[in-house]
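The values are calculated or read from the model by the stated rules, or taken from the named source; none is laboratory data. Remember, it's a predicted structure, so these values are computed and weren't measured experimentally. Quick reminder, even Gly has a Cβ in these numbers, built from the backbone with ideal geometry, and neighbours come from all protein chains shown.
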Amino acid sequence: MAEKPSVAIVGAGNLGSTLALALHEAGYRIDSIVARAEGISFTRARRLAKETRSRAIVGAEKANARILWLCVPDSEIAGAAASLARGFHGGGRVALHSSGALSSDELEPLRRKGAAVASVHPLMTFVRKSRPTLEGVSFAIEGDPIAVQAARRIVRDLKGDPFTICKKDKDAYHALGTFASPLLTALLASTESVAGLAGITRTAARRRMLPILLQTVRNYGKLGAAEGFSGPMVRGDVQTVQHHLNVLRNAPLPRQVYVALARAALEYLPAKNRKSLQELLDSGMRG
């Protein structure tokens, strides 16, 4: 591992594209972008291959890279590993996948062919029309020692933060990531719905909410949850919470979200008049 090994990326989706470009910029030679078949998948692979000065291929048996990195949906990892194992020579090679929920055992067919395997998951969100930096991003890693060692070096070269995760903890870890991004997005979508009750459009709500959202995240990062918490529950303002619940009767689903989050606030965060607030929320949950 004195020199940076070559890498083949299997899958040219949001994660695979971000990863391939980050590796290329970090000085890794991208041997190939592996597509599932001709068609849209191969078109995306060709586009990514052009950006990374590599080649698009169908089938990893043509890939000569030391590192084979699967960036396909969780439901396809085991099948892809089994398919790639046919004609695969794994001696001295490393196979990785980037599922946050599944363990390195999904790559067992490649392990049986002699490859060292690991799961390497970046705690980051990947969507179309956005390509995040991987600098400072945490990567959860578990698997065979040789593959783990290789993965940790790669993550450090990407200026990421590698850490060890146990197989048994991956479900909880993935739930953490789900709270941090997709469910946070669901909360914001619910908030846009509430904005409608105040006569504010969704587009305007997004623009108006950004300053308070960004400051809340900054406060959380600098001060932690308890010291970054503000609003009526900190003050013990039962009447204001009652008014919120009343108006939210016109938005039943956001009302349920409000009650659930307010109950979590009483459990984890500083608040006054806890007993009165709890009784109010209990009645809100029922009605």
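A few remarks follow.
- Subset of segment 262-284 [aliphatic (A, V, I, L, M) and surrounded by 13 or more Cβ atoms within 10 Å (Cβ to Cβ)]: ALA262, ALA265, LEU266, LEU269, ALA271, LEU277, LEU280, LEU281
- Long-range neighbours under 7 Å by Cβ, at least six apart or interchain, first residue closer than 23 Å to ALA101 by Cβ within segment 176-196, second at pLDDT 95 or above and assigned to a helix (DSSP H, G or I): LEU187/VAL257
- Within segment 169-179, the presence of a residue that is outside any helix (DSSP H, G or I) and either over 16 Å from the mean Cα position of the chain (by Cα) or surrounded by 15 or more Cβ atoms within 10 Å (Cβ to Cβ) (or both) is excluded.
- Taking segment 24-41 as the range and being hydroxyl-bearing (Ser, Thr, Tyr) and either closer than 14 Å to LEU158 by Cα or part of a strand (DSSP E or B) (or both) as the test, the residues that pass are TYR28, SER32.
- Complete set of residues in segment 24-52 that are surrounded by fewer than 18 Cβ atoms within 10 Å (Cβ to Cβ), without any contact (Cβ under 8 Å) to a residue 40 or more places away in the chain and aliphatic (A, V, I, L, M): ALA37, ILE40
- LYS4 meets each of the listed conditions (1) in a helix (DSSP H, G or I); (2) under 14 Å from ILE154 (Cα atoms); (3) of a type outside the set (A, V, I, L, M) apart from (1).
- Within segment 132-145, residues that are on the phi < 0 side of the Ramachandran plot and among the polar types (S, T, N, Q) have Cβ atoms under 7 Å from residues that are part of a strand (DSSP E or B) and surrounded by fewer than 21 Cβ atoms within 10 Å (Cβ to Cβ) in these pairs: SER138/ASP161; SER138/PHE163, counting only partners at least 6 apart in sequence or on another chain.
- Extreme residue, nearest to ALA195 (Cα to Cα), among residues of segment 241-255 that are buried (at least 19 other Cβ atoms within 10 Å of the Cβ) and within 29 Å of the chain's Cα centre (by Cα): PRO254
Residues checked against (1) hydroxyl-bearing (Ser, Thr, Tyr); (2) out of contact with any Pro (no Cβ under 9 Å at 6 or more places or on another chain); (3) under 18 Å from LEU21 (Cα atoms):
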position	(1), (2), (3)
PRO109	no, yes, no
ARG128	no, yes, yes
ALA151	no, no, yes
ARG156	no, no, yes
ASP169	no, yes, no
TYR173	yes, yes, no
GLY177	no, yes, no
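- Of the strands (runs of 3 or more DSSP E) lying entirely inside segment 53-124, those containing at least 2 residues that are of a type in the set (A, V, I, L, M, F, W, C) and either modelled with pLDDT of 95 or more or surrounded by fewer than 17 Cβ atoms within 10 Å (Cβ to Cβ) (or both) span 67-70, 94-97, 116-122.
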